[in-house]
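Written below as structure tokens is the structure these notes are about.
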Amino acid sequence: MTGQEEPNEDGRAAAESGAAAELRNVSRTYGEGAAAVSALEEVTTGFRKGTFTAVMGPSGSGKTTLLQCLAGLVRPSSGAVSLGGVQIDGLPEKRLARVRRSRVGFVFQEFNLIPALTALENMLLPMRLAGRRPDREWVAEITGRTGIAHRLSHLPHELSGGQQQRVAICRALVTRPAVICADEPTGALDGSSGREVMALLREAVDVYRQTLVMVTHDPVAASYSDRVLFLVDGRIVETMGRPVPHTVAERMTALVEEVR
Amino acid sequence: MIGIAWRILRRSPGTLFGAFIMITVGTALLAAFAIVQDSISRTTAPVERYAAADVVASGQAGVFTPEAVEEAGGLPGVAEAVPELSFPALVLGADGHPPADWEDTARFGHGWSSAGLTPFLLLEGRAPDASDEVVLDAESAAEAGAGVGDRVDVEVAGTVRGHRLVGVVEAEAGPTEYQRALFFTDRRAAELAARGGGRSDAIGLHLEPGADPGAVAAALDERLRSALAGDVDSPSGVPAYRVGSGAERGELEQALPDHRASAQAMAMLIWIVAFMAVAVIGGALITSVRSRAEQFALLRAVGATPGQVRLLCLAEAFLLSLAGVAAGALSGMLLGRLLLEGFRAIGVVSPVLRVHYGPGALLIAGVTALVVGQAAAWFAARAALRIRPAEVLAGQAAVPVTRGRRRVGRITGALLLAAAGILQALGMAGLVPAVLRGAYGMIASGLVIVGLGLLGSWAIHAAARAVRPLLSWAAPVAGHLAAANVGFHHRRYAGAAVPIAVGTAIAGWALAGLPLFALGNSQDVAERFAADQVLRTPIVRDAHTGLGEPVRERLEEAPGVSAAVGLRELWAHAAPPGSGGPGGSGAPEVTRGTVVTGRAGALLDLGEVTGDLASVGAGRGVALGAAYARQAGIGLHDEVEVRTAGASRPTVLPVVALFERDKGGGEGIVVASEALRDAPRGWYDYVLVGEEKEGRAAEAAAAVLSARGTASAEDPEEFLRAYVQERQGAIDNLGTLATAMVGGFLVIASVNALALSAADRRSELASIRRIGVTGRRLSRMVSWEMALTVVPAWLLGGLATAWMAAAMAGGDLGAALWAYPGAVLLGFGAAGLAAALLGALAATRSALRAADAR
């Protein structure tokens, strides 16, 4: 199979439920024996198409592990993960790579662009890996909307942090993935650039009907989402709809206190 | 992926600079050795002596019978067949010493009737007419300061005789550059050469007009082959004679050293360098992959399959190799020339050797380097695929290594080193199976390289842990941080330092191997002697010039001498009648044979002997080594066909004795010269003398050997000491020097990699500086890091050398210690450490300046 992965039975069930991605009873443990650490425990949640979900929690609560399990970067110790109708937890590495290529977009805190490739080449990297021709109109659309159309021939070190993150957002959008996974996308940016990046991510959801899952510590960033999942010790302890910065901040403070 | 690889190389060449340097150095070495090998194999000796002969057959002393010469003369197209004797002969100076360059420039005695093969023409005087008359070429006469009518002393086969110089000749084409000629009457030449039965050493053919030299040469070869039914070739395939015409005739003059062994050593070095280059380039590529862990993690995250990551690594290495091959081939051409010129300057290669830049050598070097690059990239791809994207992108360790895996690596490394030593020991003792004889050195070097690769990281880690308390006390900031850094990043440091261990071990092994080989060789010879005096002549062009029967006879007749035995070593073979020569079904392999003249039983120590060794000396039978006889299924009193190099027919003899000391069948035959009626006689390699009373053998030897000339007499202890030194000088050490160079290059390449890794630490150094560590302390820290990396790697290489030396010495620690090249390795280590310190400090300063500029 070289192109899109076909949905399997569990995946079809997820698709029918309207979820772009779904975790069911997912647990993840690192290490063995006495040194074993449980990062996720029996997490079940879905991410509906065209929604923006923020994942928050104290340090070590399992936010990044949840995102990595969802994106197929980490295999769960138990439970099932489906992405765009494909159950991915048991796939061999080669097929998993193809699923990530076609169904997941990534935005990282440190941008993670390849220094030797231009902005455009970085953006089109998933297409090149898939051996697919880019849709010129779509590329023009997303580079225009993110405001980097005039910087496409530049190498990453010739771009500001905000511009680099816009390139990373374009790279995440270029394959029209089932879900975009963003890990602290504003963590390395100043306030103004951070706000611009969050506005772009929001637009991706509203304009392009993308599904976005974002890990963040920042209540302001979380306020751009449709809902916030709060994690403590590897479990979802609370879900907050229509978040606003101060309520998110208060809840986070309370959770941190509880953990202490 | 090739497109991405190209962009990475074009836009971020720095990330792969270390690997590029390694590929360049590797290609340069490969190209240099390939050029040297190609030059050696293309170099032919110039035709001087046989310039006027259209076709020449030449071989070992006395290989051609008078019948063979007659048959050659009867071949279609042949006008005349001229038999030729060519034996070492020296004109001594007025002071009794031979000319200064007598070991470098050949000096041969001939019969006057063969002067026309050059031709030599009389400049003055006349041809020799009496047994005490000699004709010299003009150069020899000038060296001796003699003119026509003067008396000159000539040494032949250990005996110095006075001759009257009756003529001076010169080659028609002008003075010969690489040999001198002395002409005696034919009868006198035959007496001196003592080949027996009117045999000759070469046949020169003058052809009728229009005859095809190639066709005649082929016909002659066929005819001569059929006349050698009792002959055996050496195990390496050197035949008893060769036939040639045109440019091939130069080699047949045997005036210049045979460098085929050097060409083989060079071919082996190409393989060793290729092995090493895989390790070195692989290490550099892995370092590059680790420093780009985030890029590889990202590629994996955004959907690169394992196959695509592998392809990227292979493509990067391929493109890098292309650039490295271009740069390395050019430097290799220069290095090849320097190598040859250097070797020629110190006299280890033939003076006629000239550098030859053929496309073949460069093609071999280039293709090997590309293949090596791809093999190294395979290891780099494995490292890239072990990167866990989730952990790297979350800022955790790039490549976790489990404790169990480390232990397995350590144990495997130690086992591989042990296996290399055992293989080398078996090889030195001649106990490896026949199929491995040509390759055991290469296999052992491969095992050492991989073994050290597996142990290197552990050695650095262990050293850092062991010295950490002491270093923290001695240098609380710089030392403490250095020990912690090296301990934590030991795998990264090992990637650059392991080549130091490998280079030290390979160079040390090569340098220890030469004296140990010479010692083993000499001990093999000496342990069979139960004599009071050993007479011999020096080794010139890999062979003793030889002692004649008159020397032995005079010794045997000397008062107080119990026995005098002449010994000659050659390749031989014994098998039951009808089973054929070597290679026949059930026939044993060729072995070293000792041909004796005199009462061999008295002066040869062959271990336990069953049967009657005295009958061997009397020519009534043959003695076989116990192991050889067992392998061949031969028992005492059985009849065997004995074949020896150059024999016309096999000799059927009864086995009259079996002896114990035969090196596992490798030195399996002792037979008397008298018994071999259809074989050429030759001069003795050694004459052993036994005495009736202490001191009489030495007195007799002193009386028989002239104080002038080159022959010497020693007691067995002196003999061993002097002979080891002489063997060491005689062994063609081109390969040893080149191997030591490989070691040196590896150390330089490694130092370069260490300096580059220091340059890659900009952010780490900047963060240490931010917490208040001064630039000076940082420099000290880096210096300690280099010491903690280079010294353990060097020690590991030194220990591996010691192990290989002990194995080569067969467990004789005294001999291993004697051969251990401690001073050279110490210099190696000191130079490596100094270069690493300078390189790393310069790179650190540059990294700090760049960090400050940010």
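The values are calculated or read from the model by the stated rules, or taken from the named source; none is laboratory data. Everything numeric here is computed off the predicted structure, so don't read it as measured data. With ideal geometry, Cβ positions are generated from the backbone for all residues, glycine too; neighbour counts draw on all protein chains shown. Accessible surface is based on the protein model in full, side chains and every heavy atom, while ligands, DNA and RNA are left aside. Shrake-Rupley method; radii C 1.70, N 1.55, O 1.52, S 1.80 Å.
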Only residues that are under 19 Å from B:Thr27 (Cβ atoms) and either of a type in the set (Lys, Arg) or within 14 Å of chain A (Cβ to nearest Cβ) (or both): list them for the range B:296-324, please.
-> B:Ala315, B:Glu316, B:Leu319, B:Leu320
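How many residues, within the range A:55-72, are open to solvent by 30 Å² or more (accessible area, probe 1.4 Å) and either within 9 Å of chain B (Cβ to nearest Cβ) or closer than 11 Å to A:Leu23 by Cβ (or both)?
Qualifying residue count, the range A:55-72: 1.
Kindly indicate whether any position in the range B:17-32 is within 14 Å of another protein chain (Cβ to nearest Cβ) and either farther than 17 Å from B:Ala181 by Cβ or crowded, with 23+ Cβ neighbours inside 10 Å (or both). Can you show your working first?
Within the range B:17-32, the first condition is being within 14 Å of another protein chain (Cβ to nearest Cβ), and the residues that meet it are B:17.
This time we only want the ones that are either farther than 17 Å from B:Ala181 by Cβ or crowded, with 23+ Cβ neighbours inside 10 Å (or both), so: B:17.
So far as the range B:17-32 goes, yes, one or more of its residues are within 14 Å of another protein chain (Cβ to nearest Cβ) and either farther than 17 Å from B:Ala181 by Cβ or crowded, with 23+ Cβ neighbours inside 10 Å (or both).
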State all residues of the range B:306-342 that are buried (at least 20 other Cβ atoms within 10 Å of the Cβ) and over 24 Å from B:Ala384 (Cα atoms); if no residue qualifies, say none.
-> B:Val325, B:Gly328, B:Ala329, B:Gly332, B:Leu335, B:Gly336, B:Leu339, B:Leu340
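Is it true that B:Pro582 is open to solvent by 30 Å² or more (accessible area, probe 1.4 Å) and more than 30 Å from the chain's Cα centre (by Cα)?
Numbers: open to solvent by 30 Å² or more (accessible area, probe 1.4 Å): yes; more than 30 Å from the chain's Cα centre (by Cα): no.
No.
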Mind listing whichever residues of the range B:66-78 are open to solvent by 50 Å² or more (accessible area, probe 1.4 Å), in contact with a helix residue (DSSP H, G or I) (Cβ under 9 Å, 6 or more places away or on another chain) and within 15 Å of B:Gly204 (Cβ to Cβ)?
-> B:Glu71
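Residues checked against (1) farther than 18 Å from B:Leu192 by Cα; (2) surrounded by fewer than 16 Cβ atoms within 10 Å (Cβ to Cβ); (3) out of contact with any His (no Cβ under 6 Å at 6 or more places or on another chain):
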residue: B:Gly96; (1), (2), (3): yes, yes, yes
residue: B:Trp102; (1), (2), (3): yes, no, yes
residue: B:Thr105; (1), (2), (3): yes, no, yes
residue: B:Gly109; (1), (2), (3): no, no, yes
residue: B:Thr118; (1), (2), (3): yes, no, yes
residue: B:Pro128; (1), (2), (3): no, no, yes
residue: B:Val134; (1), (2), (3): no, no, no
Specify the residue that is least open to solvent (accessible area, probe 1.4 Å); the eligible residues are those in the range B:204-246 that are at pLDDT 90 or above and part of a loop (DSSP other than H, G, I, E, B).
-> B:Ala211
Residues that are assigned to a helix (DSSP H, G or I) and in contact (Cβ under 8 Å) with a residue 12 or more places away in the chain, drawn from the range B:342-370 = B:Phe343, B:Gly360, B:Ala361, B:Leu362, B:Ile364, B:Ala365, B:Gly366, B:Thr368, B:Ala369, B:Leu370
Hits in the range B:167-188 (condition: open to solvent by 20 Å² or more (accessible area, probe 1.4 Å) and outside any loop (DSSP other than H, G, I, E, B)) = B:Glu170, B:Arg180, B:Asp186, B:Arg187, B:Arg188
Exception for B:Ser288 within (1) farther than 30 Å from B:Ser321 by Cα; (2) open to solvent by less than 10 Å² (accessible area, probe 1.4 Å) falls at (1)
Helices (runs of 4 or more DSSP H) wholly in the range A:84-180 with at least 3 residues that are away from chain B (no Cβ under 12 Å) and open to solvent by less than 40 Å² (accessible area, probe 1.4 Å) - which ones?
-> A:136-146, A:161-173
Being hydrophobic (A, V, I, L, M, F, W, C), over 30 Å from B:Ala390 (Cβ atoms) and in contact with a strand residue (DSSP E or B) (Cβ under 9 Å, 6 or more places away or on another chain) narrows it down to one of B:Ala255, B:Ala247, so name that one.
-> B:Ala255
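Out of B:Arg552, B:Arg528, B:Arg536, I need the residue that is modelled with pLDDT of 90 or more and either surrounded by fewer than 20 Cβ atoms within 10 Å (Cβ to Cβ) or among the basic types (Lys, Arg) (or both). Which one?
Working: B:Arg528 fails: modelled with pLDDT of 90 or more; B:Arg536 fails: modelled with pLDDT of 90 or more.
When all the criteria are applied, what remains is B:Arg552.
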